[in-house]
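Participant: After the structure tokens below, expect a handful of questions from me.
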Amino acid sequence: MNENADICNHCRNMIREKAKGMKMSRHISTGPSSFIPENEIIGAMPLSDSTVMFIDEEYSGRVDNLTQVMGLHPHYLQAFLRCHYYLLRMDGPLPLHYRHYIAIMAAARHQCSTLVCQHVQEFEQIGVCSDWLRGLEFCPQRLRNLNEINKILAHRPWLITKQHIQALVKTGEHSWSLAELVHAVVLLAHFHALASFVFGSGVNPDPEVTEVNGVTGDLCPPAMAGLCTCHLTNGNQANGNPLRNPNTGSELEALMERMKRLLEEREDDDASEEEMFTRFEKEKKESLLVVSAGFVEEVVPPSPVARFVDDPSFGYQDFARHGEDNPPTFKAQDYSWEDHGFSLVNRLYSDIGHLLDEKFRTACDLTYYNMASHEGVDTSMLRRALFNYVHCMYGIRYDDYDYGEVNQLLERSLKVYIKTVTCYPERTTRRMYDSYWHQFRHSEKVHVNLLLMEARMQAELLYALRAITHYMT
């Protein structure tokens, strides 16, 4: 019998690489993450009493793999759970089964079976409209009408216009109210970004998410053992020995030295507005060149969650493309979360603005004042570079930020990781995760993923909420 008969083409490629002499994993991690040793997650800081009580009361004490990985940062986890719970379970414009179906649609854009299966199970437990789980053609036209903004927000949010909003709120019997649409948009952005975190942190599917009534086994299989490796870890090495750079010490010292030098130069740098704009344009164009080795040729294997995806060939394209008329830069001073987006969502969907704002601020302000083995370090410069680099790739510019700092602080391998996790999360590999910041703790890399997730979500929301504002005015 052919030993490769039951594995996908993606894993056959891995076997061919192994034949060339590369070390490949032969097992699948059963811990919360395929990137992070289980003992490091279990031995993390304890959750606060209020978070434990919240999980006990609202989630019946169940702590899934995603929550365990996020639990490396308990303060952030608390803000995330409050917002996540409010979006899915508290009073709001949309009925509960709509919320979980929209979550499925959003996660499926990135073939994130971990999230899809969680919300398939949640949807089934509500006990209505189980036929919808057979695919998009079985759900109401009203939900299918979200396909267009779902794919645009997931892959090229700068293309969304007030015409997309108008098409949804003025479609007769299938129309959406503005309040319902804002709820749907926040859900879509939330789960697109959450898929980035799941893949970026190597979060494993939960073993207790099993086949549920009315759903075929290929969508949410009853056991992990029968799956090909790529369905679980995206072809990643599972809790093996990560790649190590022999120059990790000098790498860390060099980064800290650059941070120190940039801090000193800030005091003397009186760059003109034109110079600041030039630095942004340079960084935006350089992001075009950030591609991982073999990336273009790589084909992600088909996924059973594709039944929830419309126009699967529509994917990310760089905001700034060579030889093309590119969309205008989104100027943050003209439409920002703090001055515009926050008030709009709060007006149309009560209190969600406060919960989103708390989540954004917690991720951006979170610090333990250390970098790897160094303590007493101000990491604000590095955190802002990570957040703003994501927004730069999405064409969003802050006129008070010097984008020259991005090139000084973010090495090429980190940029490759950021672009992959943010724009093509389903292609993230353990090798990419291991390729940067070799001396840093896993918890610090998870913090990076929190920043990427929140930056991505905020970028999607800014484009969508600006379009809604234009429609309303």
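The values are calculated or read from the model by the stated rules, or taken from the named source; none is laboratory data. What you see is a predicted model, and the numbers here were worked out from it, not measured in a lab. Quick reminder, even Gly has a Cβ in these numbers, built from the backbone with ideal geometry, and neighbours come from all protein chains shown. These accessible areas exclude ligands, DNA and RNA; they are computed on the full protein's heavy atoms, side chains included. Shrake-Rupley method; radii C 1.70, N 1.55, O 1.52, S 1.80 Å.
Participant: Tell me which residues, restricted to the stretch 36-66, are polar (S, T, N, Q), part of a loop (DSSP other than H, G, I, E, B) and loosely packed, with under 13 Cβ neighbours inside 10 Å.
Facilitator: Answer for the stretch 36-66, where residues must be polar (S, T, N, Q), part of a loop (DSSP other than H, G, I, E, B) and loosely packed, with under 13 Cβ neighbours inside 10 Å: just 60.
Participant: Here is a further query. Write out, first by first residue and then by second, each pair whose Cβ atoms fall under 7 Å of each other, whose residues are 6+ apart or on separate chains, and whose first residue, in the stretch 304-316, is of a type in the set (Lys, Arg) while the second is open to solvent by less than 20 Å² (accessible area, probe 1.4 Å) and part of a loop (DSSP other than H, G, I, E, B).
Facilitator: 307/135
Participant: I need the full set of residues from the stretch 340-355 which are open to solvent by 50 Å² or more (accessible area, probe 1.4 Å) and closer than 14 Å to residue 80 by Cα, in order please.
Facilitator: 354
Participant: Within the stretch 370-389, is even one residue touching a residue at least 40 places away in the same chain (Cβ under 8 Å), surrounded by fewer than 16 Cβ atoms within 10 Å (Cβ to Cβ) and polar (S, T, N, Q)?
Facilitator: Scanning the stretch 370-389, I find at least one residue that is touching a residue at least 40 places away in the same chain (Cβ under 8 Å), surrounded by fewer than 16 Cβ atoms within 10 Å (Cβ to Cβ) and polar (S, T, N, Q), so the answer is yes.
Participant: Looking at 83, 112, which one is open to solvent by less than 50 Å² (accessible area, probe 1.4 Å), closer than 26 Å to residue 350 by Cα and either within 17 Å of the chain's Cα centre (by Cα) or of a type outside the set (Val, Ile, Thr) (or both)?
Facilitator: 83
Participant: Of everything in the stretch 293-325, what is open to solvent by 70 Å² or more (accessible area, probe 1.4 Å) and modelled with pLDDT under 85? Give them in sequence order.
Facilitator: 293, 296, 297, 299, 302, 321, 322, 323, 324, 325
Participant: If we keep just the residues of the stretch 131-174 that are in a loop (DSSP other than H, G, I, E, B) and without any contact (Cβ under 8 Å) to a residue 40 or more places away in the chain, which is nearest to residue 313 (Cα to Cα)?
Facilitator: Among residues in the stretch 131-174 that are in a loop (DSSP other than H, G, I, E, B) and without any contact (Cβ under 8 Å) to a residue 40 or more places away in the chain, the one nearest to residue 313 (Cα to Cα) is 145.
Participant: Considering only residues that are hydrophobic (A, V, I, L, M, F, W, C) and in a helix (DSSP H, G or I), look in the stretch 115-130 and name the one that is most open to solvent (accessible area, probe 1.4 Å).
Facilitator: This residue is 126.
Participant: Tell me, which residue of the stretch 18-35 that is surrounded by 13 or more Cβ atoms within 10 Å (Cβ to Cβ) and of a type in the set (A, V, I, L, M, F, W, C) is modelled with the highest pLDDT?
Facilitator: So, considering only residues that are surrounded by 13 or more Cβ atoms within 10 Å (Cβ to Cβ) and of a type in the set (A, V, I, L, M, F, W, C), the one modelled with the highest pLDDT is 35.
Participant: How many of the residues making up the stretch 433-473 are over 27 Å from residue 75 (Cα atoms) and in a helix (DSSP H, G or I)?
Facilitator: Number of matching residues: 10.
To keep it simple, each residue is scored yes or no on (1) in contact with a Leu (Cβ under 9 Å, 6 or more places away or on another chain); (2) open to solvent by less than 40 Å² (accessible area, probe 1.4 Å); (3) at pLDDT 95 or above.
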position: 184; (1), (2), (3): yes, yes, yes
position: 195; (1), (2), (3): yes, yes, yes
position: 199; (1), (2), (3): no, yes, yes
position: 205; (1), (2), (3): yes, yes, no
position: 215; (1), (2), (3): yes, yes, no
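Participant: Quick check on my filter: what residues within the stretch 49-93 are without any contact (Cβ under 8 Å) to a residue 12 or more places away in the chain, closer than 26 Å to residue 183 by Cα and of a type in the set (Gly, Ala, Ser)?
Facilitator: Within the stretch 49-93, just 60 meets the criteria.
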